[in-house]
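The values are calculated or read from the model by the stated rules, or taken from the named source; none is laboratory data. Nothing here was measured: the structure is a model prediction, and the numbers come from that model. Cβ coordinates were reconstructed from backbone atoms using ideal geometry, including for glycine residues, and neighbour counts include every protein chain displayed. Surface areas here come from the heavy atoms of the whole protein model, side chains and all, with no ligands, DNA or RNA. Shrake-Rupley method; radii C 1.70, N 1.55, O 1.52, S 1.80 Å.
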Amino acid sequence: MRIAILEDDPDQLALLKRWLVEDGHDVHGYLAGREALKHAGRESFDLFVLDWQVPDVSGADVLMWLRTNVSKSVPVLFVTVRDSEQDIVFALENGADDYMVKPARRQELLARVHALLRRAYPREEEKQLSFPLFEIDVARDEVRRSGEKIELTPTEFELTVVLFRNLGRLLSRSHLQEAVWGRSGDLVTRTVDTHVSQVRKKLDLRVETGFRVVPIYNYGYRLEQIGESASSAA
C-alpha cells in the first residue's frame, strides 16, 4: 500500500519508513506540513501517518485539510508525543482513525496500520473479485467477462486488479505506477496511460457495459461503476 508520513525528526522518519517498507509498503516521507499538503494535493495515498508538532503547518491542520480537500475516508494515524486526553479527543473527533503516543513500538505500529488498511480496503484481502459481468481470479491471474476469459499481459492484469479493488476511487499516475510497476522512477508517465488504454479496450469499459475509466487531467484515473448495476450494488 502507498503510505505518506509527516514527521519532522529525520531519524524518526527514517525509522518509521524502514519499518513500513520492510512490511511491504511504498512509503513517502515529509519533514514539514506544507510539503505534505503539496504532495497530498497532487498524489493519492492509502494511509497517512501524521506527527502533530511539525514546522509551519501542524499535523492537526493537515488532518483537517485532508478531510476537507482530499478524502473523508482515507485512514489517518497520529504518531505523536502529545498525550493529553484533550489532544486525542480532538484528533479523533476531527477525522483521525487512530492515535499512538511516542515512542512508537514497531509491532504495535504495524498492527494498527494493518487494522486500518483492512477496514479501509477489504478487497485487498480477497482472491476472488466479483462485479457485474466481471470475475477476477487473483490467484490464477484470470479475468473473465460474462464467463469468457480475457487475454491480458501480466502488467495489464495487475492494473486491472488495482483499478477494480479501488472502484470509485481516484488514483494518481504515481500511485498506479508504484502499485503495478513498483517504485521505478524512470517509468515514463505515458506508459501508465498506454496500459490504462489497453485495459479499457480489452475489458470494453464504457458507459454501455456499466463501467468506465475516467481520466483526470494532470492527475490520474478513476474506475467508475455506472447505471443500474451501480445502483443495485450500492
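Structure notes:
- Residue in region 44-66 that is within 28 Å of residue 180 (Cα to Cα), part of a loop (DSSP other than H, G, I, E, B), touching a residue at least 24 places away in the same chain (Cβ under 8 Å) and of a type outside the set (S, T, N, Q) present: yes
- Candidates in region 48-68 are the residues that are more than 19 Å from the chain's Cα centre (by Cα) and polar (S, T, N, Q); of these, the one that is nearest to residue 15 (Cα to Cα) is 53.
- Residue within region 20-33 that is of a type outside the set (Lys, Arg), touching a helix residue (DSSP H, G or I) at 6+ places or on another chain (Cβ under 9 Å), buried (at least 16 other Cβ atoms within 10 Å of the Cβ) and over 22 Å from residue 179 (Cα atoms) present: yes
- Candidate set from region 89-103 (those that are among the small types (Gly, Ala, Ser) and farther than 19 Å from residue 16 by Cα); member that is surrounded by the most Cβ atoms within 10 Å (Cβ to Cβ): 91
- Residue within region 71-88 that is open to solvent by less than 20 Å² (accessible area, probe 1.4 Å) and part of a loop (DSSP other than H, G, I, E, B) present: yes
- Test: residue 41 is at positive phi and open to solvent by 30 Å² or more (accessible area, probe 1.4 Å): no
- Residues of region 199-230 that are in a loop (DSSP other than H, G, I, E, B), open to solvent by less than 50 Å² (accessible area, probe 1.4 Å) and either at pLDDT 95 or above or charged (D, E, K, R) (or both): 204 alone.
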